[in-house]
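Below is one structure, written out as structure tokens, with a few remarks after it.
Throughout, read-outs are computed from the coordinates displayed, never taken from laboratory work. Computed from a predicted model, the values in this text were never measured in an experiment. Positions of Cβ are generated from backbone atoms using ideal geometry, with glycine treated the same way; all protein chains shown enter the neighbour counts.
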Number of protein chains: 2
Amino acid sequence: MNKGRLFILSGPSGCGKGTVCKVLLEKNKNLKLSISATTREKRVGEIDGETYFYLSKDQFEDMIKNDELLEFNQGYSGNYYGTPKKYVFDQLEKGFDVLLEIEMNGAKNIKEKYPESIGIFLSPPSFDELLNRLRGRGRESEELIQERFLLAKEEILRVDEYKYAVINEDLNETVDTIVNIINAEKHLTSFIGNKIKSLVK
Amino acid sequence: MNKGRLFILSGPSGCGKGTVCKVLLEKNKNLKLSISATTREKRVGEIDGETYFYLSKDQFEDMIKNDELLEFNQGYSGNYYGTPKKYVFDQLEKGFDVLLEIEMNGAKNIKEKYPESIGIFLSPPSFDELLNRLRGRGRESEELIQERFLLAKEEILRVDEYKYAVINEDLNETVDTIVNIINAEKHLTSFIGNKIKSLVK
């Protein structure tokens, strides 16, 4: 059986990663979402092993020491967030593809640790639209929105860190394109060539 | 406007290239089939500029001299067959993708002349099925079929000359996968990255 492949979906704040990710997982049943670990408190409605793996600070720092994370970071609050290797690699071993939705610095760290991963950059269709989306969330101050907006402009110039790029103009079209990319990647000769050569034996 | 891309569909005799090619062109209206040039006589029902471009021997040899062909070969009959650059590059310039269905040596020559082309190898699902298909055509002697069959076994080991490989088990699935590959290729950052970066300006 062919092993699965790891896809990293990233892009600037407001590009629509979260929604794309949700619809993508509904459409592609062979794709499993990577589950992050965190030391922050579990909130109402969240489920251990689904929303996050909830760990103590000691447990998390042990994982860091033992190189059991693909990437991690510590938020302003002091809480850790990270991507456990084991869950990802278990799914890949079982033949599932794994999707990791992550901000751009995390994406870069993972690419360095696991170069076989395939990066997909999600771009907003325009800056007017990006500003609309950031404002539309209605949960941040105008100052923070402007900050995110400037950051997004810088982040878009980092598109070359990714193998693929999709302009997220229409949700369904974006999801279809990512499904296409996943299928195409599974037909790269570097991936499927040996299976074909084995037909001769 | 982004220029189109050149896709080369090839594979051993009996892999089903012709049928896949036909359905693929019906499904993807942005894809144009490359039209070959030949010095053989036009047959009843064939159309100049559609089935082939029909040329005299002198005209064809002038094209060879002037490097106007992506590849060419001379059949046993002495007739030339080749791929004129002009038609292919005109379509690419207009933004169409171009599909070239060709046997494996021709495919290799084109890849050398035009490395930006994207090779897709079509594999029969099994050798039993390949033998069935070769026999099912009912137009060749058993000796010739056995010859083609042995050649196909060698050709399958050349799958690594292609970027992608598709096992042609189910016609519709094969065509869908090639449509996916074409779409994925158009979302490579090396192809679409500058367009995305231009959003910032």
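Averaging 1/r across all pairs of distinct Cα atoms in region A:96-150 and inverting the result yields a Kirkwood radius of 13.5 Å. Charged side chains reduced to their Cβ positions (Lys and Arg at +1, Asp and Glu at -1) give chain A a dipole of some 840 debye around its Cα centre. Across peptide B:176-188, the mean count of Cβ atoms from other chains lying within 10 Å of each residue's own Cβ comes to 6.
Inter-copy label distances at residue A:132, shortest first and taken from points set 7 Å along Cα to Cβ: 5.3 nm. Based on alpha-carbon atoms, the Kirkwood radius and the radius of gyration of chain B give Rg/Rh equal to 0.99.
Could you pull out which residues in region B:184-201 have an amide N less than 13 Å from a spot 7 Å beyond the Cα of residue A:153, following the Cα-Cβ vector? Once the point is set 7 Å along Cα→Cβ of residue A:153, B:199-201 turn out to lie under 13 Å by backbone N, inside region B:184-201. Identify, among A:189, A:141, A:151, the residue whose Cα sits farthest towards the positive end of the charge dipole of region A:127-198, taking +1 on the Cβ of Lys and Arg and -1 on the Cβ of Asp and Glu, with the dipole about the Cα centre. Comparing the listed Cα positions along the dipole, A:189 ranks first.
Could you list, in their original order, any pairs among A:17/A:153; A:57/A:86; A:22/B:201; A:42/A:94 whose Cα atoms are separated by more than 23 Å?
A:22/B:201; A:42/A:94, as the Cα separations exceed 23 Å there.
Note on region A:48-135: dipole from Cβ charges, positive end direction compared against A:98, A:110, A:125; the farthest Cα belongs to A:125. Evaluated with a Cβ-only charge set (Lys, Arg +1; Asp, Glu -1), the protein assembly as shown carries a dipole of roughly 80 debye about its Cα centre, given to the nearest 20. Per-residue extension of 0.36 nm, minus the Cα-Cα distance of residue B:127 and residue B:56, leaves a gain of 21.5 nm for this segment. Where only DSSP H runs of four or more residues are counted, chain B gives -13500 deg cm²/dmol as its mean residue ellipticity at 222 nm, each run worth -39500 (n - 2.57).
When chain A is treated as a GNM with alpha-carbon contacts under 10 Å, the residue of A:136, A:45, A:75 showing the greatest mean-square fluctuation is A:45.
Taking 16 Å as the cut-off, no amide N atom of region A:154-179 comes nearer than this to a point 7 Å along the Cα-to-beta-carbon line of residue A:113. Taking A:189, A:38, A:51 in turn, the Gaussian network model of chain A (Cα-Cα springs below 10 Å) assigns the largest fluctuation to A:189. Label-point spacing for residue B:50 across the identical copies (point 7 Å from Cα in the Cβ direction), in nm and ascending order: 5.9.
Placing one identical point scatterer on every Cα of region B:53-105 and ignoring solvent, what is log10 I(q)/I(0) from the Debye formula at q = 0.20, 0.21, 0.30 Å⁻¹? So the normalised log intensities are -0.78, -0.85, -1.25.
Per-residue mean of foreign Cβ neighbours for A:190-199 is 6 (Cβ atoms of other chains, 10 Å radius).
On alpha carbon coordinates alone, what is the Rg over Rh value for region B:49-140, Rh being the Kirkwood radius?
1.03
Which stretch or stretches of region B:48-75 have amide N atoms under 16 Å from the point lying 7 Å from residue B:161's Cα along the Cα→Cβ direction? What the label zone holds, given the 16 Å backbone N cut-off, is B:70-74. Placing a label point 7 Å from Cα along the Cα-to-Cβ direction at residue B:75 gives distances to the equivalent points in the other copies of 7.0 nm, listed shortest first.
Taken over region B:137-192, the ratio of Cα radius of gyration to 2.2 N^0.38 Å equals 1.60. Take every DSSP beta bridge whose two residues both sit in chain A; close to 30 percent of them are antiparallel.
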